[in-house]
Every structure is written in structure tokens, then in C-alpha cells.
Amino acid sequence: MSVDEAGTARGNDGTDEPGWEVDPDDEPGAAVVASVGRQIKAWREAAGMRAGEFGAAIGYGEDLVYKVEGGRRIPRPEFLDKADTVLGAGGKLAMFKKEMAEARYPRKIRELAKLEARAVELSAYGSHNFHGLLQTEEYARALFGMRRPAFSPDEVERLVAARVARQSIFNRSPAPELSFVQEEVTLRRHLGGRMVLRRQLQRLLQLGQFRNVEIQVMPTARDDHAGMGGEMQVLKFGDGSAVGRSEGDFGSRPIADPKHLRIIELRCGIIRAQALTPRESLAFIEQVLGET
């Protein structure tokens with residue numbers, strides 16, 4: 001297998017390897033991809049170009065062109081840029097890059113990213129691994145690579161890209177208030193290897209310097225612990241509404257019912273009180289980094 005200049009994986013016979021595949025169970029995403037595919041086809045036909053001729057002009061195979069136009073493959077940004085130029089679309093095809101980039105992510109992750117993009121406050125507790133917003137790209141890749149049954153390489157890259165994209169929350173203005181509590185074991189578990197963990201710990205120290213970010217560590221030696229049920233998270237929005245999720249409770253689904261939210265918020269508050277303070281936690285992370 002080789003990779004062309006546009007980043008498309010190709011087999012030795014010149015055929016396209018699986019890339020940004022459409023999730024058939026994601027009806028809204030599939031509908032958007034299909035709509036863009038029809039527009040590409042309409043522009044190509046208006047330009048009087050055959051699919052093979054068009055593919056050769058933009059550096060892709062005829063089969064891929066048919067898949068994109070048929071809504072069976074998500075066009076990459078490079079595909080849309082080249083198509084826009086070759087077909088003289090004046091930006092009307094390139095403008096779909098954002099929508100297509102979002103369509104490649106699983107539906108549940110897109111919905112979570114939308115909630116995080118609206119949040120003015122986030123409180124989270126992580127028990128088995130680092131919270132997704134805190135993860136480095138290589139840590140996330142190692143984590144998804146350990147899943148059983150195994151994800152395909154394409155699925156791993158899709159999930160990693162989605163996780164990294166969510167981290168734009170740290171660059172928002174005005175900045176949301178972000179609070180994370182991590183179990184001590186997550187700082188010591190060498191997921192991906194020693195150097196992956198070292199860079200992950202360094203990332204925590206970097207994020208912990210942000211004025212709107214609080215990172216706390218829950219020591220394993222604590223006698224009292226309100227988070228034994230598993231990870232949880234609460235997102236609050238500017239209009240006063242909120243949504244929460246608690247592993248093992250309420251079907252592990254995002255919930256907005258005030259009665260259930262009060263329970264999750266109570267637990268999150270107690271967990272923060274039981275953990276090391278943010279300053280103590282950064283010192284603890286530095287210590288673990290030195291031991292790793």
C-alpha cells in the first residue's frame with residue numbers, strides 16, 4: 001500500500017483503500033454526505049467531464065469519484081479543494097470542508113462536541129484513563145488501539161481525530177470553566193508505553209497552568225470516595241440548563257432531569273472536596289512524572 005500526495009491510501013493495484021467511510025447508521029451524517037456528493041456530480045456534469053477524466057484531473061481514481069458522488073465516501077478537504085478548482089465552482093464545493101470533516105466523526109461524538117462547544121462550565125471525574133479532553137493524540141491512539149473487539153485502523157484514526165478536534169474547547173473565548181478529577185492510577189498506568197505516559201503527564205502540567213482549568217488527583221489511599229460508581233461529567237450552559245452523565249446510573253445516558261442532575265452534581269462536588277487541591281495535584285503529577 002502507498003499514500004498519494006493528497007493523503008489517500010491506495011492499494012498496489014491503484015484502487016483506493018478504505019478511508020473516510022460513511023457510517024450507515026448515522027442517518028443525518030449520511031444525508032449530508034449524499035447531498036454534497038450530488039452537488040459534486042452536478043458540477044462535474046455541467047463541466048462536461050466524465051468521472052474518470054475528473055478523477056485524473058484531481059488525482060483520484062474513477063471508483064472513488066463514483067463513491068463520493070453516490071454518498072458512499074466522505075470527500076477529504078483535499079478532494080473538495082481540487083474539485084472546486086478543476087470544476088470552477090468558485091468556492092461552492094470547498095465550503096463544505098467543515099461539514100465533511102464533522103461527518104467523519106461518529107454521531108455520538110459529534111453530539112458531545114456540540115454540547116462541549118456550548119458549555120460555560122464542565123466538571124468531570126475519570127477513573128480508568130484520562131478524560132478525552134486531556135488526552136494527547138498518541139495516548140488517545142494507544143487507548144483506541146487496545147479496544148476489543150479491535151477497531152479497524154480507519155476507525156482508530158477517525159476516533160482519534162474526533163477526540164483531538166474536541167480539544168478546541170481550550171482555545172475558546174470567553175473561556176469556559178473546566179474542572180477535572182483523575183484517579184491516581186490513571187497517572188501511573190503506562191497505556192501506550194512509558195514515553196507516551198510521560199508526554200501525557202507533561203500535557204496535564206501544561207493544561208493545569210491555564211487559569212480556567214483545574215486538574216485534581218484522587219489519591220488511591222483515600223479512605224472515603226464518592227466516585228466508586230465510575231466516571232461522571234456535568235456540562236452547564238449559559239442559559240442555566242445543564243446535562244450530566246454518570247457511568248452505571250440512569251442507563252449511562254446524558255440526562256437533563258433536574259432531580260437526576262442534582263445527584264451527579266452532588267457526587268462531583270464531594271469528589272472534588274476529597275481529592276488533592278489543584279496546587280497539590282500539579283505537584284503530585286510532577287512527582288509521578290519524575291518517577292516515570
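The values are calculated or read from the model by the stated rules, or taken from the named source; none is laboratory data. Since the model is a prediction, treat every value here as computed from it, not as a measurement. Every residue, glycine among them, receives a Cβ derived from its backbone with ideal geometry; neighbour counts consider all protein chains shown.
Taking the conditions exactly as written (under 15 Å from the mean Cα position of the chain (by Cα) and at pLDDT 90 or above), does E184 satisfy them or not?
No.
Select from the range 47-57 the residues that are assigned to a helix (DSSP H, G or I) and either free of Cβ contacts under 8 Å to residues at least 24 places away in the same chain or within 29 Å of the chain's Cα centre (by Cα) (or both) and list them in ascending order.
Within the range 47-57, A51, G52, E53, G55, A56 meet the criteria.
Kindly provide the set of residues from the range 231-256 that are out of contact with any His (no Cβ under 8 Å at 6 or more places or on another chain), closer than 20 Å to E116 by Cβ and part of a loop (DSSP other than H, G, I, E, B), ordered by number.
G238, D239, G240, S241, E247, R253, P254, A256 - these are the residues of the range 231-256 that are out of contact with any His (no Cβ under 8 Å at 6 or more places or on another chain), closer than 20 Å to E116 by Cβ and part of a loop (DSSP other than H, G, I, E, B).
Just for helices (runs of 4 or more DSSP H) wholly inside the range 91-197: which have at least 3 residues that are closer than 30 Å to E291 by Cβ?
By residue number, 137-145, 153-166, 184-188.
Output yes when any residue across the range 255-268 is acidic (D, E), under 30 Å from R199 (Cβ atoms), in contact (Cβ under 8 Å) with a residue 60 or more places away in the chain and surrounded by 14 or more Cβ atoms within 10 Å (Cβ to Cβ), and no when none is.
No; the residues of the range 255-268 include none that is acidic (D, E), under 30 Å from R199 (Cβ atoms), in contact (Cβ under 8 Å) with a residue 60 or more places away in the chain and surrounded by 14 or more Cβ atoms within 10 Å (Cβ to Cβ).
Enumerate the pairs (first residue in the range 162-188 and over 25 Å from G230 (Cβ atoms); second residue anywhere and surrounded by fewer than 17 Cβ atoms within 10 Å (Cβ to Cβ)) with beta-carbon separation below 6 Å, excluding pairs fewer than 6 apart on the same chain, so at least 6 apart or on different chains.
Listed pairs, sorted by first residue: A175/N212.
Give all pairs with beta carbons closer than 6 Å in which a residue from the range 135-155 that is closer than 16 Å to M195 by Cβ meets a residue that is modelled with pLDDT of 95 or more and of a type in the set (V, I, T); count only pairs at least 6 apart in sequence or on separate chains.
E138/V196; Y139/V196; A142/V196
Being of a type outside the set (A, V, I, L, M, F, W, C), surrounded by 14 or more Cβ atoms within 10 Å (Cβ to Cβ), at pLDDT below 95 and within 27 Å of the chain's Cα centre (by Cα) is true for just one of G19, G61, G7. Which residue is that?
G19
Being part of a helix (DSSP H, G or I) and at pLDDT 95 or above: is that true of L261 here?
Judged against the criteria, L261 is not a match.
Residues are listed down the side, and each one gets a yes or a no for (1) at negative phi; (2) small (G, A, S); (3) surrounded by fewer than 19 Cβ atoms within 10 Å (Cβ to Cβ):
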| site | (1), (2), (3) |
| --- | --- |
| V164 | yes, no, yes |
| S168 | yes, yes, yes |
| R172 | yes, no, yes |
| P176 | yes, no, no |
| V181 | yes, no, no |
| L187 | yes, no, no |
| Q200 | yes, no, no |
| L204 | yes, no, no |
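Specify the residue that is modelled with the lowest pLDDT; the eligible residues are those in the range 67-79 that are assigned to a helix (DSSP H, G or I) and either in contact with a helix residue (DSSP H, G or I) (Cβ under 6 Å, 6 or more places away or on another chain) or of a type in the set (G, A, S) (or both).
It comes out as P77.
Does at least one position in the range 236-244 carry a residue that is on the phi < 0 side of the Ramachandran plot, β-branched (V, I, T) and modelled with pLDDT of 95 or more?
no
Listed here are the residues, each with its yes/no results for (1) within 24 Å of R107 (Cβ to Cβ); (2) touching a strand residue (DSSP E or B) at 6+ places or on another chain (Cβ under 7 Å); (3) not charged (D, E, K, R).
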| residue | (1), (2), (3) |
| --- | --- |
| R141 | yes, no, no |
| F144 | yes, no, yes |
| R147 | yes, no, no |
| P153 | yes, no, yes |
| V160 | yes, no, yes |
| E177 | no, yes, no |
| V181 | no, yes, yes |
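Given the structure, is I285 on the phi < 0 side of the Ramachandran plot, in a helix (DSSP H, G or I), buried (at least 16 other Cβ atoms within 10 Å of the Cβ) and at pLDDT 95 or above?
yes
Mind checking which residues of the range 221-253 are within 17 Å of I109 (Cα to Cα), surrounded by fewer than 16 Cβ atoms within 10 Å (Cβ to Cβ) and of a type outside the set (D, E, K, R)?
The one that is within 17 Å of I109 (Cα to Cα), surrounded by fewer than 16 Cβ atoms within 10 Å (Cβ to Cβ) and of a type outside the set (D, E, K, R): S252.
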